[in-house]
Amino acid sequence: MALASDSRHGMWSSRWLFVLAAAGSAVGLGNIWKFPYITGENGGGAFVLIYLVCVALVGIPIMMSEVMMGRQGRSSPIHTMRKLTDDANRSRRWTFIGWMGVIAGFLILSYYAVIAGWALKYIWITASGTFEAATPDLASSTFNEFLTDPLQLIGFQTLFMVLTIWIVGRGVSKGLETAIRWFMPLLFVLLIVLLGYSINSGGFAQGWAFMFDLKFDQVTPETWLIAMGQAFFTLSLGMGTMMAYGAYVPQSAGIGSTVVTIALLDTAVAVSAGLAIFPIVFANGLEPGQGPGLMFVTVPLAFGQLPLGAVFGTVFFVLVSFAAITSAISLTEPALAYLVEEYNAKRQRVAISLGVMCWALGLGTVLSFNVWSDFYIVGGLTFFDFVDYVSQNVMLPLGGLLIALFAVWALPHAVREKQLGLKPGALNVSWKLVGGVIAPVGVLLVFIYSVLPVLRSLYENVVALMG
Ligand code: PHE
């Protein structure tokens with residue numbers, strides 16, 4: 001029975017469904033595509049450790065704040081922020097958090113759909129045996145030819161977008177929950193199958209050493225920047241996704257333990273993805289530091305050299321696609337919920353309009369890999385790089401920073417006590433210290449470090465233009 005305090009969009013049917021939904025949002029291309037390749041590029045073990053520190057000290061408190069704020073507001077991030085600021089007699093300017101989240105989600109989804117489309121395409125080509133006994137040249141030319149064919153890219157981007165919009169249009173319980181109930185358990189099973197396969201590939205010890213041997217000589221300030229950015233992206237933080245999902249959490253669920261479970265699941269998947277990928281890469285004498293092409297060139301090539309590689313390679317890309325779709329649906333939720341509330345509109349209609357606009361913006365990303373590959377928005381950033389940079393390196397950290405500050409210093413204590421069960425005392429003080437000081441200062445430092453070079457390059461461009 002719906003309670004007066006429930007969200008109008010529906011509610012998760014249990015605490016576990018929320019855990020799965022939030023883990024579904026968190027586990028995505030960030031874990032399976034990005035985490036292994038940036039670990040590869042940043043030297044392995046020490047990077048993994050720094051990343052874990054960022055998750056624990058910054059990720060977990062910010063996720064707790066988002067879920068808590070969402071459950072208190074019970075609506076889209078924009079309306080939640082309006083309610084929270086009104087109730088607490090704070091400036092409505094804080095609603096900026098909600099607006100930025102809506103826009104960031106839209107920007108991220110626009111390119112996320114393009115890359116997820118690549119995974120869909122790779123299910124197909126891996127299954128058809130393209131990579132069986134393939135040479136490195138064949139693997140990279142297959143990928144490059146695909147990237148230089150805008151029509152194909154658009155075809156797969158469209159397919160992914162249609163699937164996403166179809167699911168979200170059906171609503172929280174019929175659409176989101178149904179997809180999550182199916183995809184998440186399957187994802188875990190597929191990952192375990194792949195891990196078993198990689199343990200037997202002959203390169204496991206080397207893969208393990210690569211992920212866990214601490215090589216601190218490779219750590220630079222940049223490593224922290226990349227690790228922090230990754231922690232935000234992979235935990236879906238800083239843009240209101242967890243706030244939107246938090247609005248559907250039953251009042252009885254404990255937020256602290258739930259959030260820790262979600263972060264552990266997400267980290268376990270990222271580490272397992274690394275442990276599934278690197279051993280087969282090493283077993284074939286390939287390089288781990290291949291960058292974004294790791295998943296689309298090195299991994300298919302590696303599978304192609306192993307017995308039953310076509311089968312397990314296909315399993316791998318099915319896994320990536322499931323992970324991507326449960327994240328994509330969460331990227332739409334802040335905007336979708338807001339538009340439904342604001343205009344009292346039908347969810348399905350809003351979903352379609354939003355999907356079409358996002359798809360259109362995604363065409364810019366498609367073209368960045370071919371027709372527009374030499375067209376730079378600023379300082380060597382293509383359209384895709386630019387959208388990725390602004391959303392991930394600017395909007396998510398800024399959103400996270402404001403969320404942590406708001407949750408700890410602007411919300412009345414009564415709200416924290418009601419939502420987190422925090423009574424005045426030692427626990428409350430440590431929460432204030434971590435969530436209100438350590439996390440914001442950490443984010444701020446990293447943020448300044450990441451934005452300064454771009455601002456400098458912009459400034460130099462302007463000076464050069466003005467002669
Ligand atoms: N966490 C997702 C991933 O790792 C991406 C994402 C970011 C989803 C922000 C929602 C919000 O792929």
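Within segment 240-271, how many residues are of a type in the set (Ser, Thr, Tyr) and more than 14 Å from the ligand (Cβ to nearest atom)?
Counting residues in segment 240-271 that are of a type in the set (Ser, Thr, Tyr) and more than 14 Å from the ligand (Cβ to nearest atom) gives 5.
Tell me, which residue of segment 19-52 that is of a type outside the set (Gly, Ala, Ser) and part of a loop (DSSP other than H, G, I, E, B) is nearest to the ligand (Cβ to nearest atom)?
Restricting to residues being of a type outside the set (Gly, Ala, Ser) and part of a loop (DSSP other than H, G, I, E, B), the top hit is Val27.
Among the residues in segment 182-200, are any touching a Phe, Trp or Tyr at 6+ places or on another chain (Cβ under 6 Å) and over 23 Å from Trp118 (Cβ atoms)?
Scanning segment 182-200, I find no residue that is touching a Phe, Trp or Tyr at 6+ places or on another chain (Cβ under 6 Å) and over 23 Å from Trp118 (Cβ atoms), so the answer is no.
Could you say which residue among Leu187, Leu237 is farther than 23 Å from Gly101 by Cβ and within 14 Å of the ligand (Cβ to nearest atom)?
Going through Leu187, Leu237 in turn, the sole match is Leu187.
Where residues in segment 268-298 are within 19 Å of the chain's Cα centre (by Cα) and surrounded by fewer than 23 Cβ atoms within 10 Å (Cβ to Cβ), which of them is farthest from Tyr122 (Cα to Cα)?
The qualifying residue farthest from Tyr122 (Cα to Cα) is Ala268.
Quick check: anything in segment 2-14 touching a residue at least 40 places away in the same chain (Cβ under 8 Å) and within 14 Å of the ligand (Cβ to nearest atom)?
No, segment 2-14 has no match at all.
Hey, Thr332 hits all of (1) within 16 Å of the ligand (Cβ to nearest atom); (2) in contact with a Ser or Thr (Cβ under 8 Å, 6 or more places away or on another chain); (3) modelled with pLDDT under 90 but one; which does it fall short on?
Evaluating Thr332 over (1) within 16 Å of the ligand (Cβ to nearest atom); (2) in contact with a Ser or Thr (Cβ under 8 Å, 6 or more places away or on another chain); (3) modelled with pLDDT under 90 leaves (3) as the failure.
Could you pull out the residue among Pro453, Pro397, Pro424 that is modelled with pLDDT under 95 and buried (at least 21 other Cβ atoms within 10 Å of the Cβ)?
Being modelled with pLDDT under 95 and buried (at least 21 other Cβ atoms within 10 Å of the Cβ) holds for just one of Pro453, Pro397, Pro424, which is Pro397.
Taking only segment 233-255 into account, find how many residues are at pLDDT 95 or above, in a helix (DSSP H, G or I) and not β-branched (Val, Ile, Thr).
5
Scan segment 199-244 for residues that are among the aromatic types (Phe, Trp, Tyr) and out of contact with any Gly (no Cβ under 7 Å at 6 or more places or on another chain) and report the count.
4
Can you tell me which residue in segment 205-234 is surrounded by the most Cβ atoms within 10 Å (Cβ to Cβ), limited to those that are among the hydrophobic types (A, V, I, L, M, F, W, C) and within 16 Å of the ligand (Cβ to nearest atom)?
By that ranking, first place goes to Ala231.
Would you mention how many residues in segment 346-399 are touching a Ser or Thr at 6+ places or on another chain (Cβ under 6 Å), of a type outside the set (Ser, Thr, Tyr) and either on the phi > 0 side of the Ramachandran plot or not in a helix (DSSP H, G or I) (or both)?
Qualifying residue count for the region: 2.
The values are calculated or read from the model by the stated rules, or taken from the named source; none is laboratory data. Fair warning: this is a prediction, and the values are worked out from it, not measured in the lab. Cβ sites come from the backbone with ideal geometry, for glycine too, and all protein chains shown count toward neighbours.
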